[in-house]
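See below for the structure under consideration.
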Amino acid sequence: MHHQVDGQSVSNSKPDQSTATTVVASGDNVAGGSRMVQQQSSSTNRKNFSLGKFSTVGSPVLCRALVAFGSRELPRICEVTVGVPLDGEVRVRMLCASICPTDTEAAVATEPSGFRFPCVLGHEGAGVVESVGPGVKSVKSGDYVIPCFLPFCGRCSLCKSGKTNLCDSGKQTTRLGLMQDGSTRFRLSGSDQQVFHFLGTSTLSEFSVIHEHHLAKVSKRAPPDRVCLLSCTVPCGLGAVFNTAQVVEGSTSAVFGLSLVGLAVIEALRLSNARRIIAIDIDDEKLSIARGWGATDCVNPGNCSGELPRVIQELSNGGVDYSFDCVGTSSVSRAALDCCHSGWGLATLVGCGGSTSSQLPFDQGQALSGKAWKGSIFGGYKSRAEIPVLVERYLSGEIMLNRFQVNRISLSSFAQGFSLVREGKCTAHQVVVFHQS
Ligand SMILES: [Zn+2]
Ligand SMILES: [Zn+2]
């Protein structure tokens, strides 16, 4: 028997052993069947749950997660135990998780990249709160949540300044793959080896423990396989235009790189009534998609006769008012600045969750030209406070999230989604839907 939650079948089970302390999460397939990850007892009883009623509460949970081991090894699906949430923490049953380039880069990174291994990957997703630790006030069991790699505590000096979306919560621990008490909630099943967290979220797991400062509580009407896009890629693009650059009506913009973030930038420029939107990419297919999204001019640098910034300046009567670097290499960041109009042009560097070590080439003369670079992290959105508002704007039909293509895959077929994201050729979001085998 299964309960229907947003069209998905979910169930859970608990070993019928009074001595057993670990609860085994089941993986259900879309047809409604179910499969035990690990049979602990031949007399296992199945227990179902509906939202707000979980048989797993209070015990470590055994479930499947996508674990990266570093050293350029490919990530693997592993069984992990997920501990109970401690002070300020929330255990979330993930419903969906979308794969972002930051995950695929981290998956094959080495330790100096800033990530620690082994770690449970994933930082985009949507889920339901299974249980909360002591002191958690903002969410309760059964709430729908969107994990955000950027925290918002509302209490630190950054949050209280009102000038930034940066927050000090977990500053010393999150980048080390730890919860705020300095330990982890994941262990590899069998070996008892600790597994690190990833960007404070680790969404590519059937269950994850996440600090409440990283969780935006959203409407239960929100379809998880859509609103999971609002946990990184889409707000990074929309907010770069609305919050960081604050693009004004009738202006001219150039967008470098037509990844999913780049398309979100174009959508926001269209909503801002930009007069000219110049899309730049080396892939003609992506350029034609961008035109469908509202780009007025398309430039393939491979077909340019002159230098790219000069070509864009000629197209835009001396330079664009705004440019958006959605690629992140130093040469593109520099081109984004160079194509801006002297005196006021603003080049926004659109950042997602990853760490970067590239250096920006810059000469002092540029500083006096009146152009500027500005970094945008998470689109300038205060995650926990403002993502629920974006969800409402989506539900009311204002933000056209449905324009983004979504390719739904099971956790078992993550490799297919990973290679599409890594190749960068794909203009569809790869969304893992849990409880499919
Ligand atoms: Zn991301
Ligand atoms: Zn804060």
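The values are calculated or read from the model by the stated rules, or taken from the named source; none is laboratory data. What you see is a predicted model, and the numbers here were worked out from it, not measured in a lab. Counting neighbours? That spans all protein chains shown, and the Cβs are built from the backbone with ideal geometry, glycine included.
Laid out as a table, the results:
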read-out	value
Residue list for region 135-153, filter: away from ligand 2 (no atom under 16 Å from the Cβ), closer than 21 Å to Gly379 by Cα and touching a helix residue (DSSP H, G or I) at 6+ places or on another chain (Cβ under 8 Å)	Ile146, Pro147
Hits in region 78-104 (condition: over 18 Å from Gly133 (Cβ atoms) and either within 16 Å of ligand 2 (Cβ to nearest atom) or out of contact with any Ser or Thr (no Cβ under 8 Å at 6 or more places or on another chain) (or both))	Leu95, Cys96, Ile99, Thr102, Asp103, Thr104
Residues (outside any strand (DSSP E or B) and either farther than 15 Å from Asp87 by Cβ or within 16 Å of ligand 1 (Cβ to nearest atom) (or both)) located in region 129-142	Lys140, Ser141, Gly142
Residues satisfying the stated conditions in region 84-111, i.e. under 13 Å from the mean Cα position of the chain (by Cα) and part of a strand (DSSP E or B)	Cys96, Ala97, Ser98, Ile99
Hey, Glu73 modelled with pLDDT under 85, of a type in the set (Asp, Glu) and more than 16 Å from ligand 1 (Cβ to nearest atom) or not	yes
Qualifying residue in region 83-100 (condition: farther than 22 Å from Ser138 by Cα, modelled with pLDDT of 75 or more and not small (Gly, Ala, Ser))	yes
Residue selected from region 175-196 under the condition of a type outside the set (Phe, Trp, Tyr) and in contact with a Gly (Cβ under 6 Å, 6 or more places away or on another chain), by the criterion farthest from ligand 2 (Cβ to nearest atom)	Arg185
Where a residue in region 54-71 is assigned to a loop (DSSP other than H, G, I, E, B) and its partner, wherever it lies, is among the charged types (D, E, K, R), with Cβ under 7 Å and at least six apart	Phe54/Glu130; Ser55/Lys14; Ser55/Lys47; Thr56/Glu130; Val57/Glu130; Gly70/Glu111
Qualifying residue in region 341-354 (condition: surrounded by fewer than 19 Cβ atoms within 10 Å (Cβ to Cβ) and of a type in the set (S, T, N, Q))	yes
Tabulated pairs, region 317-335, first on the phi > 0 side of the Ramachandran plot, second in a helix (DSSP H, G or I), C-beta under 6 angstrom, 6+ apart or interchain	Gly319/Gln313
Residues that are assigned to a loop (DSSP other than H, G, I, E, B) and of a type in the set (Asp, Glu), drawn from region 255-298	Asp281, Asp283
Lone unmet requirement of (1) in contact with a His (Cβ under 6 Å, 6 or more places away or on another chain); (2) within 16 Å of ligand 1 (Cβ to nearest atom) for Phe198	(1)
Gly114 being crowded, with 22+ Cβ neighbours inside 10 Å and within 18 Å of the chain's Cα centre (by Cα)	no
In region 154-174, the residues that are more than 10 Å from ligand 2 (Cβ to nearest atom) and without any contact (Cβ under 8 Å) to a residue 12 or more places away in the chain	Gly162, Lys163, Gln172, Thr173
The lone exception for Pro235 - which of (1) within 16 Å of ligand 1 (Cβ to nearest atom); (2) farther than 24 Å from Asp143 by Cβ it fails	(2)
Unique match (being touching a strand residue (DSSP E or B) at 6+ places or on another chain (Cβ under 8 Å), farther than 21 Å from Ala428 by Cα and at pLDDT 95 or above) among Gly345, Gly380	Gly345
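Condition check ((1) more than 16 Å from ligand 1 (Cβ to nearest atom); (2) surrounded by fewer than 19 Cβ atoms within 10 Å (Cβ to Cβ); (3) of a type outside the set (Phe, Trp, Tyr)) across all residues:
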position: Tyr144; (1), (2), (3): yes, no, no
position: Gly154; (1), (2), (3): yes, yes, yes
position: Thr164; (1), (2), (3): yes, yes, yes
position: Thr174; (1), (2), (3): no, no, yes
position: Gln180; (1), (2), (3): yes, no, yes
position: Thr184; (1), (2), (3): yes, no, yes
